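This report refers to the structure that appears directly beneath it.
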Amino acid sequence: MEKLFKCFELKQSSLAQDGTFEGMAAVYGNRDLGGDVIEPGAFDKTLKDRGEKKIPILWQHDANQTIGVIQETKDGSAGLFIRGKLTLAVGKAREAYELMKDGALGGLSIGYEVIRKNEARGTRYLKEIKLWEVSLVTFPMNELAQVSSVKTGPAGADWSEVAALLSDVNCELREMKASSDARQLAEDQRRTARTPDGHHWRP
């Protein structure tokens, strides 16, 4: 399994004192800088399979730093809407809360696995995605997805063109590195695998 990441812009207008926020975690029909288009219905199966099991919110895709949970998802014609809650008893969640209030966090990012896709003319059309987690990240990639409600915080930052470009490049590099790390791990596992006679495999 190769875990991938896709980032979306975080714009806040309010943040509840209990740490709840809401917005779009993914937008349909929009080609991002990575050449991917998420198609409507891509999340249907993964959301159905999860049932009542909550989706974790991570800090910068770090599986060792869970900072909250997704309380509600709504899969609409425009994309995947989420309502999340930071667990403010956790130190890193409190830090994220303050950064969101100040507009210092630039995006939401989903950690996912591609199950089904079509490719045409350099574009990947993602037809089915397995959603693993949602993260708060510093930089966005897809400007069409955003947090629409973060209650009690100030209005979102007014990004300049240069800042937006740097944000996109940073997140694209993060996605490329994550994919490279996953491939390297698979290669390492292949190289250390044992043959049927118990010996280590050699290339």
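The values are calculated or read from the model by the stated rules, or taken from the named source; none is laboratory data. Everything quoted here is computed from the prediction, not taken from an experiment. Here Cβ is always computed from backbone atoms with ideal geometry, including for glycine, and neighbour counts include all displayed protein chains.
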Going through segment 35-59 one residue at a time, which ones are closer than 29 Å to Lys92 by Cα, in a loop (DSSP other than H, G, I, E, B), in contact with a strand residue (DSSP E or B) (Cβ under 8 Å, 6 or more places away or on another chain) and not basic (Lys, Arg)? Phe43
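Kindly establish whether Ala96 is over 29 Å from Arg124 (Cα atoms), hydrophobic (A, V, I, L, M, F, W, C) and surrounded by fewer than 18 Cβ atoms within 10 Å (Cβ to Cβ). Full working, then the answer.
On the way: over 29 Å from Arg124 (Cα atoms): yes; hydrophobic (A, V, I, L, M, F, W, C): yes; surrounded by fewer than 18 Cβ atoms within 10 Å (Cβ to Cβ): no.
No; evaluated as a whole, the condition is false for this residue.
Okay, residues lined up against (1) part of a strand (DSSP E or B); (2) among the aromatic types (Phe, Trp, Tyr); (3) at pLDDT 85 or above:
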| position | (1), (2), (3) |
| --- | --- |
| Asn64 | yes, no, yes |
| Ile70 | yes, no, yes |
| Ala93 | no, no, yes |
| Ala96 | no, no, yes |
| Ala104 | no, no, no |
| Val114 | yes, no, yes |
| Pro140 | no, no, no |
Log entry, pairs with first residue in segment 42-63 being of a type in the set (A, V, I, L, M, F, W, C), second being part of a helix (DSSP H, G or I), beta carbons closer than 6 Å, six or more apart or on different chains, reads Trp59/Lys92
Expected output for segment 112-136 (first residue polar (S, T, N, Q), partner modelled with pLDDT of 95 or more and outside any strand (DSSP E or B), Cβ below 9 Å, 6+ apart or cross-chain) is Asn118/Glu39
